[in-house]
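The values are calculated or read from the model by the stated rules, or taken from the named source; none is laboratory data. Everything quoted here is computed from the prediction, not taken from an experiment. Quick note on the areas: whole protein, heavy atoms, side chains included, nothing else; ligands and nucleic acids left out. Shrake-Rupley method; radii C 1.70, N 1.55, O 1.52, S 1.80 Å.
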Amino acid sequence: MAAVDLTTSLAAVVRERRWERDLTVRALADRTGVSRAMIAKVEAGEAQPTAALLGRLSGALGLSLSQLVARAEGDGRVSRRAEQPTWTDPTSGYVRRAVSPRAGGDLELVEVTMPPRAEAGFAADTYTFLRHRIWVLEGVLEFVEGTTVHRLEAGDCLELGPPVDCVYRNPDDGPVRYLVAVTRR
């Protein structure tokens, strides 16, 4: 799915989910710390949101980031690699690939490739109703969980603790590729 199409689909999903939860733009802004103007731009498809912004919105809307993006991408039972939707964070340049056939199931798998020296941060409320495990496939990932820094190398797997603000960081000159497995609490 092209970035423009996904931006438009994300706009519709955020707006519809906000309506389903009977939230005004102001209420969503208060819950997320995202300005009303930015929420309006996202809902109008006028801004391509960052991963951090989508994480804040999805948490306040009662969805995981994977579920939010998957709703925008559509569902199916088989997820062929050639058809797995990707999304690039405009700030960090990381590429997120939805591996799971559909969102909202017991388990969601997301592959992320992060460019050299890039990082992406997420607020604690992004994780309040989810469990995450991070499995590094290639390269080195520093995962900052509150004040704790976990250095993970290829083959290492980390289960996140209680929700705190966190940062995914690539400290090296090569890309890092990792899999995030997400389940609901």
> Ordering TRP87, TRP135, TRP19 by how much accessible area each has at a 1.4 Å probe, largest first, what is the list?
Replying inline: TRP19, TRP135, TRP87
> Which whole-number percent gives the relative contact order of segment 131-185, counting Cα pairs below 8 Å spaced six or more residues apart?
Replying inline: 50 percent
>> Could you identify which residue out of ALA40, ALA72, ALA52 has the top mean-square fluctuation in a GNM of the chain using Cα springs shorter than 10 Å?
In response: ALA40
>> Tell me the carbon and sulfur percent of the accessible area for segment 50-148, rounded to whole percent, probe radius 1.4 Å.
In response: 49 percent
> From the Cα gyration tensor of segment 108-149, with a ≥ b ≥ c the square roots of its eigenvalues, which class applies: rounded if a/c is under 1.5, or else prolate if a/b is larger than b/c, or else oblate?
Replying inline: oblate
>> Keeping every protein chain present and rolling a 1.4 Å probe, give me the accessible area per residue for segment 95-185 in Å².
In response: 47 Å²
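Just check segment 1-74 against the gyration tensor rule for me: Cα atoms, a ≥ b ≥ c as the square roots of the eigenvalues, rounded for a/c under 1.5, and otherwise prolate or oblate depending on whether a/b exceeds b/c. Could the numbers behind the result be given before it?
Working: a/c = 1.60, a/b = 1.35, b/c = 1.19.
Cα axes put segment 1-74 in the prolate bin.
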>> Let me check against my output: what whole-number percent is the relative contact order of the chain, with C-alpha pairs under 8 Å and at least 6 apart?
In response: 20 percent
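Go ahead and estimate [θ] at 222 nm for the chain from helices alone: -39,500 (n - 2.57) per DSSP H run with n ≥ 4, summed, over the residue count, rounded to 500.
It lands at -8500 deg cm²/dmol.
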>> For a quick check: with amide H placed at 1.01 Å from N, whose amide H comes under 5 Å from LEU137's, ignoring anything fewer than 5 positions away on the same chain?
In response: GLY155, ARG177, TYR178, LEU179
